[in-house]
1. Tally the residues that are acidic (Asp, Glu), touching a residue at least 24 places away in the same chain (Cβ under 8 Å) and over 17 Å from Val225 (Cβ atoms), restricting the search to the range 154-202.
2. Name the strands (runs of 3 or more DSSP E) wholly inside the range 121-210 in which the number of residues that are among the basic types (Lys, Arg) is 1 or more.
3. Residues Val253, Val216: which one is touching a residue at least 40 places away in the same chain (Cβ under 8 Å), β-branched (Val, Ile, Thr) and not in a helix (DSSP H, G or I)?
4. Kindly indicate whether Val225 is touching a residue at least 24 places away in the same chain (Cβ under 8 Å), under 26 Å from Thr76 (Cα atoms) and part of a strand (DSSP E or B).
5. Would you pick out the residues in the range 25-49 that are over 28 Å from Leu265 (Cα atoms) and not charged (D, E, K, R)?
6. List the number of the failed condition for Leu29; all other conditions in (1) among the aliphatic types (A, V, I, L, M); (2) buried (at least 16 other Cβ atoms within 10 Å of the Cβ); (3) without any contact (Cβ under 8 Å) to a residue 12 or more places away in the chain hold.
7. Would you mind listing the strands (runs of 3 or more DSSP E) fully within the range 271-331 where at least 3 residues are surrounded by fewer than 23 Cβ atoms within 10 Å (Cβ to Cβ)?
8. Within the range 313-336, track down each residue that is within 30 Å of Asp59 (Cβ to Cβ) and in contact with a strand residue (DSSP E or B) (Cβ under 7 Å, 6 or more places away or on another chain).
Amino acid sequence: MNNDLILLGHGSGGRLSHQLLDELIVPTLSGDAAGGDDAALLDCTGGRLAYTTDSYVVDPVFFPGGNIGDLAVNGTVNDLAMMGARPLWMSVGLILEEGFSKKELGEILASMRQAADLAGIRIVTGDTKVVPRGKADRIFINTSGIGIIEHQFSIGGAKARAGDSIIVSGTIGDHGIAIMASREGLELDTDIKTDCAALNGLVQELLTACGSSVHVLRDPTRGGVATTLKEIALQSAIDLLLQESALPVKSSVKGVCAILGLDPLYVANEGKLLLFVAPEAGQQALAILKRHPLGHDAAIIGTVTGNGSGRIRLETVSGGTRNVEMLSGEQLPRIC
């Protein structure tokens, strides 16, 4: 393998992505260590802001339950919400391939506007470029978002503590399997669709009720729950213990994963969050999630066992244990 070439795995959000960031991109562009959170925190006159940017290259651009447009808006909103911010403004950059349908572009733009209105964020600026036929894949979207932090809580990937309860807000793997089924034209007897949704309202309810007991918020997109938990464990220098029996996975998603040889722990999500919360607030946080339309399948899936080296152990349904590592390659390319 030529180590000088960019591979699909460098965009997976897993080990290769982290190597590319840590060894080349971040040192060259900023010289600062990569923070690892979903947005940067900026101190300014009058308070704190969260600032994020992302690019969306999903294939196909239309999929069960959504399209690249609402995916881009909700993904931007969620990255801000995971920092405890209230999303305010966002930009939209469109890269269009010559020959792309105006009708389909109109549908994508309408879904973006609808998603933005529902999430309470304004699209305030943008840019459009067109490249020759064959030089892109229909449409790529780049976004940036700004949100305001209206509290004094300290939330981030490095804030997890020994004893914390680990909660996921709902069933995992829905988005990735919906994309894969659509991409491969799988004829399924079940209705699997994306979980794509804006989570800022749910986060606000958690913060209002649980306050400083909320230590980490993260949406497990590329690389899935396993990779995201590994990132947090390394950032916070802690060890985790997960319960396989507690993981909420739809039977239909389990079935497709079994057919395709995929592990739901590594499949992308676009409308779920992971929450590390102080143990005394675990049941309260779970109850808040379950009362919300986007959290009724929430579950406590593990605990922080103590300070450590970022090791994650999973107690399996068969009674054994296995280590959970970061995604090493690209399980499902172009998933978001």
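Rule-based calculations on the coordinates, nothing more; no lab input. Worth saying up front: this structure is predicted, and the values here are computed from it rather than measured. Cβ atoms come from the backbone with ideal geometry, glycine included; neighbour counts cover every protein chain shown.
1. So the count comes out to 1.
2. Hits in the range 121-210: 122-131.
3. Val216
4. no
5. Pro27, Thr28, Leu29, Ser30, Gly31, Leu41, Leu42, Cys44, Thr45, Gly46, Gly47, Leu49 - these are the residues of the range 25-49 that are over 28 Å from Leu265 (Cα atoms) and not charged (D, E, K, R).
6. (2)
7. Filter on the range 271-331 gives 299-307, 312-315, 321-323.
8. Scanning the range 313-336 gives Val324, Cys336.
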